[in-house]
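Here's the structure, in structure tokens; my notes come after.
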Amino acid sequence: MTVTIKTPDEQQKMREAGVAAGRVLTMIEPHVKAGVSTDELNRICHDYIVKDLGCIPAPLNYGAAPGRPAFPKSICTSVNHVVCHGIPGPKVLKKGDVINIDVTVIKDGFHGDTSRMFYVGEPSILARRLTEATREAMFEGIRVVRPGTRLGDIGHAIQRYVEQRGFSIVREYCGHGIGRVFHEDPQVLHYGRPGTGLELQAGMTFTIEPMVNAGRPEVKLLPDGWTVVTKDHSLSAQWEHTVLVTATGYEILTLREDEI
Ligand code: MF3
Ligand code: CO
Ligand code: CO
């Protein structure tokens, strides 16, 4: 495992990439409404990332592997029982849907990666509870980040919060180191045992991005090679931030003004 420690210069570039990624989510919010297609959301985000921010959308053409095509779009759009990596397409949003939009931009060679849930009209009581619990679980994980914390402490904080509320953590996908490379070491699991795993050091940058299901934790990959859904078709939610380990704690690199 090779975990990169970012220099102060690199940290500044990560900060700028993080702010840019967050701006995409702020920009897209008023467009997330009943009647819009996920393709249209992709087009608006793509144009904003390229033309307004002067960045590169990292998902576009990313991740080709034997038996899996490259990701064909610029953002991920994961609606209702889609856990993550939903591919924008002709699907039209309707009232009561919940959607995660996941944005990753490359700015001056560095990645910023962040996602959030949106409600389309009024959500069900369950959708609201799941969405809010997932966001709070992400922050439970973020709040323990500081030098000396272990990765298992982050995973444990998230898992405890989620399971106390009767929801389940997806095991197959995790947070990740990030920098010049989109997905680098370490893997940041959203479950774990306190006091285990890699010890954090100042200058590390990684994402925390729990995926939480209302029902069973198991997931299934669709034949498109990307879309991940809950096996039992229960609702799923996800939130994601990119964080920097500082001398005294953490800095959320993708924090938006609308969150403060
Ligand atoms: N942004 C996702 C993550 O949080 C990864 C998307 S990869 C893609 O790690 F190819 F599906 F875009
Ligand atoms: Co990520
Ligand atoms: Co992401």
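Just so it is clear, none of the values below were taken in a lab; they were calculated from the coordinates. Just so you know, these numbers come straight off a predicted model, no measurement behind them. Note that each Cβ is placed from the backbone with ideal geometry, even for glycine, and that neighbours are counted across all protein chains shown.
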Query raised in the report: How high is the relative contact order of the chain, in percent, with contacts defined as C-alpha pairs under 8 Å that are six or more residues apart?
Result: 23 percent
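When ranked by the protection proxy of mean other Cβ atoms within 10 Å per residue, highest first, what sequence do the peptides 96-109, 186-199 form? Provide the component values of the computation, followed by the final result.
Working: 96-109: 21.8, 186-199: 17.5.
Put in order of decreasing packing, that is 96-109, 186-199.
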Report task. Give, in nm to one decimal, the length gained when the segment between VAL92 and ASP232 is fully stretched (0.36 nm per residue of separation minus the Cα-Cα distance). Result -> 48.1 nm
Query raised in the report: When you count, for each residue, the other Cβ atoms within 10 Å and take the mean per peptide, how do 40-49, 65-74 rank with the highest first?
Result: 40-49, 65-74
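Once you have the Cα-Cα distance between HIS31 and ARG143, take 0.36 nm times their residue separation minus that, and quote the gain in nm to one decimal. Please report the intermediate quantities before stating the final value.
Details: separation 112, 0.36 × 112 = 40.32 nm, distance 3.10 nm.
Full extension of this stretch gives 37.2 nm more.
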**Report entry** Alpha-carbon centroids, segment 208-260 and segment 40-81: separation in whole Å
**Finding:** 17 Å
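Once you sort the root eigenvalues of the Cα gyration tensor of segment 2-54 as a ≥ b ≥ c, which label holds: rounded (a/c under 1.5), prolate (a/b larger than b/c) or oblate (the other case)?
Details: a/c = 3.10, a/b = 2.66, b/c = 1.16.
Cα axes put segment 2-54 in the prolate bin.
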